[in-house]
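The values are calculated or read from the model by the stated rules, or taken from the named source; none is laboratory data. All values reported here derive from a predicted model rather than from experimental measurement. Ideal geometry is used to build each Cβ from the backbone, glycine not excepted, and the neighbour counts take in all protein chains shown. Just the protein is used for accessible areas: all its heavy atoms, side chains included, with ligands, DNA and RNA removed. Shrake-Rupley method; radii C 1.70, N 1.55, O 1.52, S 1.80 Å.
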Protein chains: 2
Amino acid sequence: MGALDEGHYDVELGNGVNLGGCSELGFEEEPETLAIEEAVKVLLQGLGEDFNREGLRKTPLRVAKALREGTRGYKQNVKDVVSGALFPEAGLESRVGHAGGAGGLVIVRDLDLFSTCESCLLPFQVKCHVGYVPSGRRVVGLSKLSRVAEVFGKRLQEPQRLANEICAALQQGIKPTGVAVVLQCSHIHFPNFESALFDPNHKGWVKMLVRSGSGVFDNENTADIWTDFLSLLRFRGINIEDVCSRVSNNKSWCPSHTFCRAAASDSAMLGAVASILCSLGEDPSRKELVETPTRFVKWLMNFKNTNLDLKLNGFVRSKRDSLTSNGDFSYEEHLCSELNLSFWSQCEHHLLPFHGVVHIGYYGSNGFSPVGKSFLQSIVHLYGFKLQVQERLTRQIAETVSSFLGEDIIVVVEASHTCMISRGIEKFGSSTATIAVLGRFSTDPSARAKFLQIIPNSSPCEG
Amino acid sequence: MGALDEGHYDVELGNGVNLGGCSELGFEEEPETLAIEEAVKVLLQGLGEDFNREGLRKTPLRVAKALREGTRGYKQNVKDVVSGALFPEAGLESRVGHAGGAGGLVIVRDLDLFSTCESCLLPFQVKCHVGYVPSGRRVVGLSKLSRVAEVFGKRLQEPQRLANEICAALQQGIKPTGVAVVLQCSHIHFPNFESALFDPNHKGWVKMLVRSGSGVFDNENTADIWTDFLSLLRFRGINIEDVCSRVSNNKSWCPSHTFCRAAASDSAMLGAVASILCSLGEDPSRKELVETPTRFVKWLMNFKNTNLDLKLNGFVRSKRDSLTSNGDFSYEEHLCSELNLSFWSQCEHHLLPFHGVVHIGYYGSNGFSPVGKSFLQSIVHLYGFKLQVQERLTRQIAETVSSFLGEDIIVVVEASHTCMISRGIEKFGSSTATIAVLGRFSTDPSARAKFLQIIPNSSPCEG
């Protein structure tokens, strides 16, 4: 394509052109970025990784960019966002009741945001609903409600504070009769390796619903206006009782509060995380952040490479031996499958989670797996709990299961990548599918097609 | 909030900090921006508007920003996007079949994009699915597939060319065994005033499915690899037969090709649109763009203010007279409603469409409207077909229908705003609700609640 050959992008940037796009360029030389890069190298070393290996070489820079992009709200200011977007609108204070939208409630619903959990530094997803009752004969441009929410979303947060800050900022910026904010927050609940293996009922998400109100929404006697607001959300899938009853229990929403692992924490790694917090403009001694380095390092140590590789080798060899000695394993013409094996992994390019499901197809005797679903699930977890890329995970699972299930193997991995939604590109709802095929599945399209047909038609990795 | 008082955003910008965010700042002084602003003023004048009235004062700048943001892909270049994101991955050329995702297909699904229709300059929505078969022992970072799609989406496009350009650029940038692109495109089909009034079956969207393939996807004998690719999409809601059969009929997808209106085109307005095309870096004499100014101006003239105001006055007065002379109109204690009246309007802040549904509640005799649904629908269209803001539309409808339906009126407007999804903030799936209440509905929360309960729980304005 022409675009590949034009090569005038740099020239444009040299001219200082900024079209407001989410460019990945710039700020690489700033001390904060460099400090985060150094800290990430410490973390990679703590994981037993070589940060000079090809796949990881740019990871420190990518992590630094993602973290600074994800917390750019510290450098933004609501006054700049709102100013120039307040529009005079007639009818507001006329004496015909709350005449007009200019006197009535204005609600923007279903704004998708990402924020960063101050407890564990993982992103959490927010569906944000904002409303206000105009006053002073003016309304605000609708997009500004979203932009103000982004300013506070792009900081280290927990749900109730995020709601309160959005609400207070809009109240001060627009000076309306009242502001209401409802947030539906989803935090990934990444299991540790043991619970992934042994707790089949592990819930992958912690959800929380919070609200905040100011002005007419802050008054004890204004349940009616909240009823109006929530009525207009309820038919978007929110239940009023839920919001009202679940407001108070916001104590330990982050799963890392209950996350427990006996590893002694590495002080260099803890220091590295504290230094990242400083570089983002935060104070690591702020009450809510004191334990954050410990929690983040504990979580990260889930993906320490070496132990798992040892486990895996022993695990696989012993199983293979037992199968061989039994000798009752024959391949026949039955397409067999194990579908929807869950996996949890860590993207080595961004140090962010990706997770989803694995589908395995093979030819076996009478549709009966010689190794059992739980064994296959263990293989999947063993390859998941390390720094990975989805393409490699898919291939490794295919090659490993072929020792047990024969040479005809197809593996499909469907995943949701946090790095696709929490960074600049913010592609909410996107997902990634990869395939690996061995033996007959690589040469016989009808075998592939037959297997692909039976994969269930549901979304693999809902937030 | 602290953020309101910090005021160091400008300082940060002065230091050249660019965190890659979608800042609205910068480039306001550039000649292209200024030229578009001047052109928009000409268009507003052609619509009979005063571009100095408060609501429109910043519209030229907003339109210029939105258009330049929406076409920033002209200044971007795929080589820069992809370079540094190609990762070596083992297993690719080993002799164990297409072993591993590194040898198999990699697909990123459900990327939401917006592009701009070269025929009419309105945005169209794209759900983009991209796949490739790696080669040369390397895979590309997943987010790059999305970024490359954005480069070409952010230009003036039509679906098939967009698919072809994404495909060819990825083929050249990654040099894989093959690339496949499937796009599901939705173009708003804005009715003209007459068809809105008289065609109850008007479909609000034109949909189109296109695909493009290169390498192994470009070969006539590789239906099998397409089957694999489409199988992995089908369980995301895409039907294979649809893609295969509907590839060819891409002739007149843009509804403006059939859009016909007898107004003589204003040459100053036509010149203004041509100048906008130049400012975006396009050639207005390019074959596909020759008719674009005519189509855009025709579409815009839907919203010429004066004619409709005259029509409206006559329309409303005659109806009111007829009701008064009949004298059979009494208010009783029955809550009545007309739900899901469709509306189409034009955001005066961005000159972009917004559309959705209006719900009207009132108290009438035996639940029977004295004026009829089609009359209310006409009122809604009359207020829709002009430069508007949703808050004002809501109030105007409430005040007007109160002449016919009594003093107790509630109006809820639910809308999807193109300006919320096609510009910097790109909040796909967001929607806006506004309420106006008169008489009893403003004082009696239970009356409001009763009406809000009956509003259907469905999304008002699907794309």
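Could you list, in their original order, any pairs among A:K207/A:K304; A:K144/B:K79; A:K127/A:K298; A:K58/A:K304; A:K41/A:K75; A:K79/A:K287 whose Cα atoms are separated by more than 23 Å?
Result: A:K207/A:K304; A:K144/B:K79; A:K127/A:K298; A:K41/A:K75; A:K79/A:K287 exceed 23 Å.
Going by a ≥ b ≥ c, the root eigenvalues of the Cα gyration tensor, does segment B:36-93 fall in the rounded group (a/c under 1.5), the prolate group (a/b larger than b/c) or the oblate group?
Verdict is prolate for segment B:36-93.
Rounded to the nearest 100 Å², what is the buried accessible area between A and B, both sides summed, probe 1.4 Å?
10300 Å²
At a probe size of 1.4 Å, how large is the accessible area of B:D218, to the nearest 10 Å²?
About 100 Å², ignoring ligands and nucleic acids.
With every protein chain in place, what's the accessible area of B:Y383 (1.4 Å probe, Å², nearest 10)?
30 Å²
Within a Cβ distance under 11 Å of B:F354, other residues only, what is the Lys/Arg minus Asp/Glu net charge?
-2
Equivalent-ellipsoid semi-axes (√(5λ), Cα gyration tensor) for segment B:191-231, whole Å, largest first?
Three semi-axes, in Å: 41, 10, 6.
Across peptide B:27-38, how many C-beta atoms of other chains are within 10 Å of each residue C-beta, on average?
1
In nm to one decimal, list the spacings between the A:E38 label point and its equivalents in the other copies, with label points set 7 Å along Cα to Cβ, shortest first.
5.3
Top to bottom by accessible area (1.4 Å), largest first, where do B:K203, B:K175, B:K127 land?
So the residues, ranked largest to smallest area, are B:K203, B:K175, B:K127.
Can you pull the mean other chain C-beta count within 10 Å for peptide B:62-75?
Across B:62-75, the average partner-chain Cβ count within 10 Å equals 3.
Within 10 Å of each Cβ in B:384-395, how many Cβ atoms from other chains are there, averaged over the peptide?
Averaged over the peptide's residues, the number is 5.
What residues have an amide H closer than 5 Å to that of A:E30, excluding those fewer than 5 places away on the same chain, when H is modeled at 1.01 Å from N in the peptide plane?
none
Keeping all protein chains in position, work out how much accessible area B:E282 exposes to a 1.4 Å probe, and write it in Å² to the nearest 10.
Rounded to the nearest 10, that gives 30 Å².
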